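A short write-up of the structure that comes next.
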Amino acid sequence: MSSAEIASLPESEGFRIRWADMAPFIALALIVLLGALINSNFMAANNLMNVITRSAFIAIIGVGATFVIATGGLDLSIGSMMAFVVGIMIMAMNSLAPQIGVWAIPVGALVALVVGSLCGLMNGLIITVGRIEPFIVTLGTMGIFRAFITYMTDGGSLSIDRSLRSAYRPLYFGDFLGVPYPVIITVVVALIGAFVLYRTKYGRRVTAVGSNSDVARFSGVHVGRVRTMAFVIQGFCVAVAAICYVPRLGAATPTTGQLWELQVITAVVIGGTLLRGGKAHIWGTVAGALILEVIANVMVLSDMVSEYLVAAVQGAIIIIAMLAHRFTSAR
Amino acid sequence: MSSAEIASLPESEGFRIRWADMAPFIALALIVLLGALINSNFMAANNLMNVITRSAFIAIIGVGATFVIATGGLDLSIGSMMAFVVGIMIMAMNSLAPQIGVWAIPVGALVALVVGSLCGLMNGLIITVGRIEPFIVTLGTMGIFRAFITYMTDGGSLSIDRSLRSAYRPLYFGDFLGVPYPVIITVVVALIGAFVLYRTKYGRRVTAVGSNSDVARFSGVHVGRVRTMAFVIQGFCVAVAAICYVPRLGAATPTTGQLWELQVITAVVIGGTLLRGGKAHIWGTVAGALILEVIANVMVLSDMVSEYLVAAVQGAIIIIAMLAHRFTSAR
Amino acid sequence: QDTEFTIAVSIPAATHGWTGGVVYHAQEAERQIEEAYPNIDVIVSTASSATAQVSSLEDLSATNELDALVILPFTSEELTGPVEQVASNGTFITVVDRGLADPSIQDLYVAGDNIAVGANTAEWLVDKLGGEGEIVVLRGIPTVIDDERIQGFTEVIDKSDIKILDIQYANWNQDEAFTLMQDYLGKYPNIDAVWANDDDMLLGVLEAVDMAGRDDVKYALGGNGMKQVIEMVMAGDERTPISTPYAPSMIASAMFMTAAQFAGQAPMRGSFKLDAPLITPENADQFYFPDSPF
Amino acid sequence: MNQPRPDTLQDAPAVSEPAVLRADGLSKAYGPITVLSGVTLDIRAGEVHAIIGENGAGKSTLMKMLSGHTPPTEGSLEMSGQTVAFADAVQAEDAGIVLVHQEILLAADLTVAQNLFLGRELSRGLRVDDRAMNRRTAEVLERVGCVARPTTRVGDMPLAQRQLVQIARALLDDRKVVILDEPTAMLANDEVDALLGIVRNLRDQGVAVLYISHRLEEVEALADRVTVLRDGEMIGTWRAREMDQRRMAELMVGRELSMLYPPKRGPATTDPILAVEDLSVDHGKFVGSFTARPGEVLGLGGMIGAGRTELIEGLMGLRPAQARAITVNGKSITKPDVQKMMSAGLVYLTEDRKGKGLLLNEGLGPNLTLQALGKVNPGVRLDRRKEVRSVKSTVQEYDIRVRSLSIEAGQLSGGNQQKLLLAKVMLADPSVVIIDEPTRGIDIGNKSQIYHFIDDLVRAGKACVVISSELPELVGLSDRVLVMRGGRFVVELTGEDITEQNVVYAAASSGNDTEGRKTA
Ligand SMILES: Nc1ncnc2c1ncn2[C@@H]1O[C@H](COP(=O)(O)OP(=O)(O)OP(=O)(O)O)[C@@H](O)[C@H]1O
Ligand SMILES: Nc1ncnc2c1ncn2[C@@H]1O[C@H](COP(=O)(O)OP(=O)(O)OP(=O)(O)O)[C@@H](O)[C@H]1O
Ligand SMILES: [Mg+2]
Ligand SMILES: [Mg+2]
């Protein structure tokens, strides 16, 4: 092959890939369009801001899940872990509030980050050291975390001290130059996630492990360590989400975060990350989280569907969105 | 190599492999032993019979799930599908009962089998024709089936006609030579499943597709058809479970079959089938279903754990059982 | 003719029998109100968790000028702030069933009394068992409702010589109740009575007791006033002679009262506490709604 | 102890360079099965040391032990006199020993540069330095003659290029010992020449090169010393200049070899059994018309990347393709579909035996019968006894060297995998066989066996299409050759015209057919 030919070779290939990467954003745009058509209120600045702010939780946890899934893992415990971390955090804050006042908030947040990371570490170690399917391990720890939060709340609920509430509230409801804090936090988390995934050695190894763990091992990558670390990142992200969550609802209950794991994994997969690992799209995950939240919002706004059928329509929209972007991006 | 040499080649090195296949049965034995130690009532014939009969549902659905998972798929919709099939079946029976009396039962059962298979077919076709991750598709159809049953029951419950109840009841509560019918049905389903998986061309293709779908495709296997068929089998098994289920409580509610998908997948994985496909153990799945049911039973019988923590101990036992059989069978 | 009014109704999604009844009655009430008062628009929105309920509140108030909000909160603590937010726009607030942590937010309160559901059942049981005996209890999903019922029940039982042998979660699910009851029966050779805290679970319990053919179980009680169970009460069933109403129709009452604000009738404010009297064969027909799915 | 050691055979040189790596009595057993016993070997700096032996002789196993990929069951390694034991491949690489595997071992989802630097990424601070890595990658790629870009995803590249990427990875750092396990099996002439140049270069820089190949002419041209393995035993080490190809082959096989290529059958005059008219694959990227007649071998020649594999995969319906008309055995098909093709009697043996040919985790039986499942089992039920019988007869007929019949396909040696794949495809009893690289990784003794096998097939009235990048093979086997360039056939050669020069000229020249695939 002559060098002239070589020069003209792939070029366009990168373009095609990037086009496919756009799929979740296109799907998002379509669903937003649909929303605007169905209900004129949908595009109200207020409504859009609410939806975006709310999607922060799934997006933040999703960034962590993207790491786990990219290594070929899966974490079903995130919803319960989130409830557990929220519980611990509230307990820590409440017990500190009498002594240190509002300083209990940052200290509690710190506790949350540590506890979240440790929960992730536990998941990771059981999976890598014990060599058990992540599905089983995290299903087990899902039960464990859920039981702990039920125990901590005595089956009821655990509320944050009134004295802390007003100081803490702005973290969810406040904004900076018009941008709500949770959105800022999501963007920061996603930026850091993208940096770690795409620009650091560790991120390189994450995709390598997910793509072919044997090759990674031969190349001197500590496969177990990379996997475990992904779960720690997941735990950390759960804790960040928990920190944003508490000011919104102010309490932990045994049902906090229930079924979030399914939403998070759906967001990650819709975002273009492969469940088998080896490929990761942080920003796609964020788009996926937005898609889910927008669909739920549109369902609330439109009055067309019987209350019983909301879940059906949501499920159908997700499938149709995936089909649509498969058939548009396939050609 | 001479033909004499070939004839003398050792053929059954299979022994070591079969030993690893025993793992779920060993785990089951251990947990039964544990149960016997913890509570003397555990070994009561009555209790054991209850537990075994109860595990029929998960085991029967698990046989189908083993096929799906062996092809590298995943079905999250089974719990809701089961509720949906139960609902349709009850409606069919109730509307037929006035005209054809108890004959409504077999006709209703037939309807269930057809509806179940069609539900599976739908899942399979969306996945293979649309080329979307099974996780996403079946999460979507999970919502759809769940919404349908909620709609059909108006959020309440849908009971079978009183006139059919007594005729139908024995299918769950009755026995043949002391063996409860659900147990017999489970064994029959597992036998057929094992036959199809290990002794037919189709079964061979199932594992081939799961272990490397490219190789299967290059060998002229209809990969899509094999995958779709696995989902149909799954749907059929769900319908069989539904047929055994109705006589027990005689009603469908929006909570029927909730979270069964997680239990079923856990049973399949505990049984030794790999989530990434290519390896399938029908009898392991049956053992896995028993393990789950025995653990739950032991938890109730033992007085040691707070009700809040039951889920934690269950989760921990599953993880520990997996760890134990990993470390015993690894050497 | 008149101004248009918008009433938003936020309730839990139909995840089990009782909430299914709530959804049913809310939808019925929506139809009737919209028929009766053409200038009132009712929006019913269900949510499957506290988080989702907060989200739907945000959605409803961001996109509509709400004149009134009727809410059956998932939990008290978690919904207080968000409802307060809605109230600050001048929206009329009707709270149903569970009170908010700060009662000053609400204009109208239609309360169920979960503690009484537990307590009344317990008192009846103490009376019938003569103050002694061994019983087992099935809990629902770990939530405030469940917690309050159990609290009301155990407080009364603790004052008697009745022993609660065991108490476990069955998640308001018939299947799980059946399974749990089978295990209870296997574990305890003598059980005088069982309380299932909800009629959905009671059906599973009865099935398990019947199958085991155990006649030591003298009483099997639920709660909530489910259609099938009330039929049993009316028929004078010996094992289940009573139930406790916790009518999901309270949402409809609350909606009608709220609508009345805007239909020009006298303003309705204050608290209405629904009693939890025992449903007995004598009064059962008052609690029987053959068309309700619940 | 840094003193030179005499070789095991008397005709080896008495004194030479000191050994950088020395294997002492290495043995390897899998369970009860010993696959290699008591190998003692000196590897010296600045020397190309060839290892030859039949398929399954234990060459790859030996190399894996030398490079830390598998621990030996017995024996020890010494580097410059010091006893070493590598816990894994990484330690061996740190010590300067690198192995290029016979099979492709790369992460398909990563780019070329990412694969090359996996585990030792260059970075500036926290950030990986992609620019520097891409630059270095481009340099090494150019050195090995690979036209891929550093940013191409490996999974999107043809096998040959992947092989070059593997070699490039080994050359990224300075090494003491470079082990190449059949590096040229997937390469065509030009690339092979480039590679031989690289190997010589390495040797001149004082690197010790261990070289495994079934192409004995390469060994003859390159090696300083040659070690022969047979059935897991070491036969001995010789100076290469004392050996010729014939001697090597005899030592490997332990008997005299018959003629390599069967006599040609001459051009067939029968009606075509396969006629392909205007087949267009991947939306016009690869286009071609050709016919195959019973009783002839049609060779498809071309440089690597010409698109022969793609065209045939399209014909089989394994890629998006459309044709004006395809006639197989009288059946006419316009939209290729793999099941239709196979039931019409057309089969294709892939060049990618690991990725598309064999189920590596399954036993011999399931692999063998997968394609012909319907033929082997007329009913729904599997006939397991028949399966065992066909495994046994296959092992015999194709001379698959296994020490146990319950082995998994992935545990077979590379050459034996190829034979199993051939057997699998033939079990379907096809009337037209298309074989992509029929003897990739097959030893010299078995090569002629496979050639004769093809000859028998064709003489029995079947047609065979052979894609081969090995020119002597293409020329020695074909009755007619079509040469492809840039996704199009450019020349048909018959009879006397089938020569290496003509094929190379047609494949490489930019004659009047200049429309390059990607240019425009
Ligand atoms: N994991 C394993 N378990 C059992 N046997 C194995 C395993 N790996 C390799 N073998 C056996 O070891 C023997 C030697 O294999 P090896 O790959 O070293 O041969 P080779 O000389 O490289 O052959 P080829 O030229 O075909 O590549 C073969 O019989 C093979 O089946
Ligand atoms: N994903 C891809 N990206 C870029 N080029 C590709 C890709 N896939 C295939 N090609 C190109 O397609 C052409 C055909 O590749 P391939 O090497 O399989 O052809 P071939 O003629 O069959 O060669 P061989 O002699 O190896 O059989 C090459 O030019 C290759 O670079
Ligand atoms: Mg080899
Ligand atoms: Mg090729």
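The values are calculated or read from the model by the stated rules, or taken from the named source; none is laboratory data. In this text, all values refer to a predicted model and were calculated from it rather than measured experimentally. We place every Cβ from the backbone using ideal geometry, glycine too, and count neighbours over all the protein chains shown. For the accessible areas, the whole protein counts, side chains as well, though only heavy atoms, and no ligand, DNA or RNA atoms are used. Shrake-Rupley method; radii C 1.70, N 1.55, O 1.52, S 1.80 Å.
Structure notes:
- Meets criteria (more than 14 Å from chain B (Cβ to nearest Cβ), free of Cβ contacts under 8 Å to residues at least 60 places away in the same chain and either in a helix (DSSP H, G or I) or within 16 Å of ligand 4 (Cβ to nearest atom) (or both)) for D:R319: no
- Residues of the range D:277-326 satisfying the condition of being farther than 22 Å from D:L159 by Cβ, open to solvent by less than 10 Å² (accessible area, probe 1.4 Å) and β-branched (V, I, T): D:V297, D:I326
- Looking only at the range C:121-148, residues that are open to solvent by 40 Å² or more (accessible area, probe 1.4 Å), under 20 Å from the mean Cα position of the chain (by Cα) and away from chain A (no Cβ under 14 Å) come to 1 in all.
- The set of residues in the range C:149-180 that are among the polar types (S, T, N, Q), assigned to a helix (DSSP H, G or I) and open to solvent by 20 Å² or more (accessible area, probe 1.4 Å) comprises C:Q151, C:T154, C:T179.
- Subset tally (residues that are surrounded by 23 or more Cβ atoms within 10 Å (Cβ to Cβ) and assigned to a helix (DSSP H, G or I)) for the range A:69-104: 17
- Any chance D:D436 is open to solvent by less than 30 Å² (accessible area, probe 1.4 Å) and within 16 Å of ligand 3 (Cβ to nearest atom): no
- Those residues of the range D:420-446 which are out of contact with any helix residue (DSSP H, G or I) (no Cβ under 8 Å at 6 or more places or on another chain) and of a type in the set (D, E, K, R), in sequence order: D:E437
- Each residue in the range D:94-138 was checked for being assigned to a helix (DSSP H, G or I) and at the interface with chain A (Cβ under 7 Å from one of its Cβ atoms), and 1 pass.
- Filter pass, B:G257 being outside any helix (DSSP H, G or I), open to solvent by less than 10 Å² (accessible area, probe 1.4 Å) and within 27 Å of C:A170 (Cβ to Cβ): yes
- Test set (1) outside any helix (DSSP H, G or I); (2) under 18 Å from the mean Cα position of the chain (by Cα) - B:I58 fails condition number: (1)
- Whether a residue is in contact (Cβ under 8 Å) with a residue 12 or more places away in the chain and not assigned by TED's automatic domain parsing to the domain that holds D:G330 was assessed, and D:S393 does not pass this test.
- Contact annotation: residue pairs with Cβ atoms under 7 Å, 6 or more positions apart or on different chains, pairing a residue in the range D:297-314 that is within 14 Å of chain A (Cβ to nearest Cβ) and in contact (Cβ under 8 Å) with a residue 40 or more places away in the chain with a partner that is part of a helix (DSSP H, G or I) and more than 16 Å from ligand 3 (Cβ to nearest atom), are D:G302/D:R308; D:G302/D:A507; D:M303/D:D190; D:M303/D:A507; D:M303/D:A508; D:I304/D:A160; D:I304/D:E191; D:A306/D:A507.
- Count of the range C:10-54 residues which are assigned to a helix (DSSP H, G or I), open to solvent by 30 Å² or more (accessible area, probe 1.4 Å) and within 30 Å of A:G257 (Cβ to Cβ): 3
- Some residue of the range D:366-378 being out of contact with any helix residue (DSSP H, G or I) (no Cβ under 9 Å at 6 or more places or on another chain) and more than 16 Å from ligand 4 (Cβ to nearest atom): yes
- A:A241 vs. criteria at negative phi, crowded, with 23+ Cβ neighbours inside 10 Å and out of contact with any Phe, Trp or Tyr (no Cβ under 9 Å at 6 or more places or on another chain): no
- In the range D:211-252, the residues that are open to solvent by 20 Å² or more (accessible area, probe 1.4 Å), more than 16 Å from ligand 3 (Cβ to nearest atom) and within 24 Å of D:P183 (Cβ to Cβ): D:E217, D:E220, D:A221, D:D224, D:I235, D:R239, D:R241, D:D244, D:Q245, D:R246, D:R247, D:L251
- For first residues located in the range A:254-267 and within 12 Å of chain C (Cβ to nearest Cβ), partners that are open to solvent by 30 Å² or more (accessible area, probe 1.4 Å) and of a type in the set (G, A, S) and lie 6+ apart or on another chain with Cβ distances below 9 Å form the pairs A:P254/A:S157; A:T256/A:S157; A:Q258/C:S48; A:L259/C:S48.
- Checking A:A280 against (1) open to solvent by less than 30 Å² (accessible area, probe 1.4 Å); (2) part of a helix (DSSP H, G or I); (3) modelled with pLDDT of 90 or more, the condition it does not meet: (2)
- Per-region count, the range C:186-200, residues modelled with pLDDT under 90 and either more than 9 Å from every other protein chain (Cβ to nearest Cβ) or open to solvent by less than 10 Å² (accessible area, probe 1.4 Å) (or both): 4
- Sole exception among (1) open to solvent by less than 40 Å² (accessible area, probe 1.4 Å); (2) over 15 Å from B:A70 (Cα atoms); (3) part of a helix (DSSP H, G or I) for B:L191, by number: (1)
- Residues located in the range D:395-407, provided they are more than 10 Å from chain B (Cβ to nearest Cβ) and under 17 Å from D:L358 (Cβ atoms): D:Y398
- Yes/no for C:E65 being over 30 Å from A:G257 (Cβ atoms) and part of a helix (DSSP H, G or I): no
- Just one of (1) under 30 Å from D:A306 (Cα atoms); (2) in contact with a Gly (Cβ under 9 Å, 6 or more places away or on another chain); (3) touching a residue at least 40 places away in the same chain (Cβ under 8 Å); (4) open to solvent by less than 10 Å² (accessible area, probe 1.4 Å) fails for D:L164. It is (3).
- Conditions (1) surrounded by 23 or more Cβ atoms within 10 Å (Cβ to Cβ); (2) under 29 Å from D:D443 (Cα atoms); (3) more than 16 Å from ligand 1 (Cβ to nearest atom); number of the one not met by D:T137: (2)
- Matching entry among C:D215, C:D237, C:D210 (being without any contact (Cβ under 8 Å) to a residue 24 or more places away in the chain, farther than 26 Å from B:G156 by Cβ and out of contact with any Ser or Thr (no Cβ under 6 Å at 6 or more places or on another chain)): C:D215
- Residue, nearest to A:A239 (Cα to Cα), within the range A:120-174, restricted to residues that are within 14 Å of chain B (Cβ to nearest Cβ), free of Cβ contacts under 8 Å to residues at least 12 places away in the same chain and over 24 Å from the mean Cα position of the chain (by Cα): A:Y151
- In summary, D:P263 fulfils each of the numbered conditions (1) of a type outside the set (A, V, I, L, M, F, W, C); (2) in contact with a Ser or Thr (Cβ under 8 Å, 6 or more places away or on another chain); (3) not in a helix (DSSP H, G or I) with the single exception of condition (2).
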